[in-house]
1. Name the single residue that is farthest from the other protein chains (Cβ to nearest Cβ) among those in the stretch A:73-91 being over 14 Å from the mean Cα position of the chain (by Cα) and over 14 Å from A:Arg151 (Cα atoms).
2. Show me the strands (runs of 3 or more DSSP E) found entirely inside the stretch A:2-67 where at least 3 residues are under 20 Å from B:Ala126 (Cα atoms) and out of contact with any Ser or Thr (no Cβ under 8 Å at 6 or more places or on another chain).
3. Can you go through A:Val147, A:Val126 and tell me which one is at pLDDT 95 or above, open to solvent by less than 20 Å² (accessible area, probe 1.4 Å), more than 10 Å from every other protein chain (Cβ to nearest Cβ) and more than 29 Å from A:Leu19 (Cβ to Cβ)?
4. Of the numbered conditions (1) modelled with pLDDT under 95; (2) open to solvent by 30 Å² or more (accessible area, probe 1.4 Å); (3) not hydrophobic (A, V, I, L, M, F, W, C), B:Glu107 fails exactly one; give the number of that condition.
5. Restricting the first residue to the stretch A:61-77 and requiring it to be among the basic types (Lys, Arg), which pairs with a second residue that is not in a helix (DSSP H, G or I) meet a Cβ separation below 9 Å and a spacing of at least six or different chains?
6. Going through B:Ala223, B:Ala150, B:Ala143, B:Ala196 one at a time, which residue ends up being at pLDDT below 95, among the small types (Gly, Ala, Ser) and farther than 25 Å from B:Ala89 by Cα?
7. Only one of these is at pLDDT 95 or above and either under 15 Å from the mean Cα position of the chain (by Cα) or more than 20 Å from B:Leu157 (Cα to Cα) (or both): B:Ile45, B:Ile63. Name it.
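The values are calculated or read from the model by the stated rules, or taken from the named source; none is laboratory data. Only a predicted model underlies this, so the values are computations on that prediction, with no experimental measurement involved. Note that each Cβ is placed from the backbone with ideal geometry, even for glycine, and that neighbours are counted across all protein chains shown. Ligands, DNA and RNA are excluded from the accessible area calculation, which covers all protein heavy atoms including side chains. Shrake-Rupley method; radii C 1.70, N 1.55, O 1.52, S 1.80 Å.
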Amino acid sequence: MPAVQLNNIKKCYGALCVLDGINLSVEPRDVVAVIGQSGSGKSTMLRCINGLEQIQGGSIDIVGHRIEPGTHSLRSLRKEVGMVFQSYNLFPHLNVAENIMLAPRVVKNVPKPEAWETAQMVLKQVGLADKVGAYPDELSGGQQQRVAIARSLAMKPKVMLFDEVTSALDPQLTGEVLKTIAELAAAGMTMILVTHEMGFARQVANRTVFMYKGQIWEEGRSEDLFSAPKTPELRSFIAPNLK
Amino acid sequence: MAYQMHFGPVLDRAPEFVDGTINTILLSGQGIVIGLAIGLAVAIIRVEGPRWLDRIAVAYIEIIRNTPLLVQVFLFFFGLPYIGLRLSADTSAIIAISFNLGAYSAEIFRAGFLAIPKSQIEAGLALGLTRLQTIRYVVIVPALKVVFPALTGQLTLTLLGSSVVCAISASELTLAASKVESLTFRSLETFLVAGAIYVTLTFVFRFTYWLISLWLFHRKDPARFQIAGALPHGQERVEA
């Protein structure tokens, strides 16, 4: 059974449909890269998957939960689906440990010592074990993003969504964040990543989806998609990256 | 002819001033605590509540902010008995001040909530927090930090504004001063003393707010969180 299945989902603002009948199936342990121009609906699709945006048509099945137009109780779903944002969104008044422990403590009622253990574990996983007590503004962008990934991991999600998580970072910091994501992929995490890092998509994602004008224009094994794009739109989109 | 100031007769009435000062502290202290609670609740209703409740909140804010505090005090004290609710002067005063501050602080709290980026709220929701939990754990502290100066300014207005309730003879400092004045006929000296006490009170209150801000916005010492093998403080802080 797929971990995530989008069935003909639609998201429209008046006459403009930013998602126009999307079908996508993601198997457990799949790493799916979503590429496409700005405005093609990549981020919107990702935000629909954990209910930050409402859909107007179709349905989404995700790790045993179903989202339909008008679905409101999304908390049980969000406990199992992690999301990492382009702008990190760490909570500035909490230090790294508190950022990570907040959701397990409040949402899952995990006792403090256990949450603390988990925080240290996930921080080690992203290579920032020495930053437990630091505040977000004391960290570099790359470190903040890795803490955001750790914060998400602390909820022990079954699926993780990454929304252009390296777009605000310079190449070096991008590298350290991508390394963390690649390690998660290797560990078997099911992931959907919206990204502009073509090389990374090709390398780490086993499948790549190309979105164009609110639709999935082309999809397949990353290797095939990048080496032999079928549609002229995808060809012209990835052309500048194939030096 | 120059006026000779004589503080002696006024200062002989020190116990009255002390009583008045204590009553003003109690009155505005209670008004501030209750008023802030009302303000916070109304602000949350305004940003998160259903439309009909928001309408009620707006009506409350507009009515309070567009009428004088003194009229509100009179309404509670002289008006309510006509619908069968007889409150003492002190109780009417606390209620009027609370509702007054509630309306003003609601708008200040709301400004703070609106200053927090939507992405922070989304991060909270995406972690599985409810909207109220997100406000409680993610939004409130940074929001308070943004509006703290405006809020403490409002609280100072409330402290000083509490003097108008002497009009219904609620026990507080200005009423005490009026009594001293009518006994000593030393108007200038009496109200100079009262003024000096108010200045002192505002400083004490502001100092308290400052202590509260330290408690609310303090950062924990990172050393407490360091684990064995980590670099010493200072070295571990990489580029900001």
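1. Filtering first and then ranking leaves A:Ser73.
2. A:57-62
3. A:Val147
4. (1)
5. Between residues of the stretch A:61-77 that are among the basic types (Lys, Arg) and residues that are not in a helix (DSSP H, G or I), the close pairs are A:Arg66/A:Ser59; A:Arg66/A:Ile60; A:Arg75/B:Gly128; A:Arg75/B:Leu129; A:Arg75/B:Thr130.
6. B:Ala223
7. B:Ile45
Yes/no per residue for (1) within 14 Å of another protein chain (Cβ to nearest Cβ); (2) among the aliphatic types (A, V, I, L, M):
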| position | (1), (2) |
| --- | --- |
| B:Phe109 | no, no |
| B:Ser119 | yes, no |
| B:Arg131 | yes, no |
| B:Val141 | yes, yes |
| B:Leu144 | yes, yes |
| B:Leu160 | no, yes |
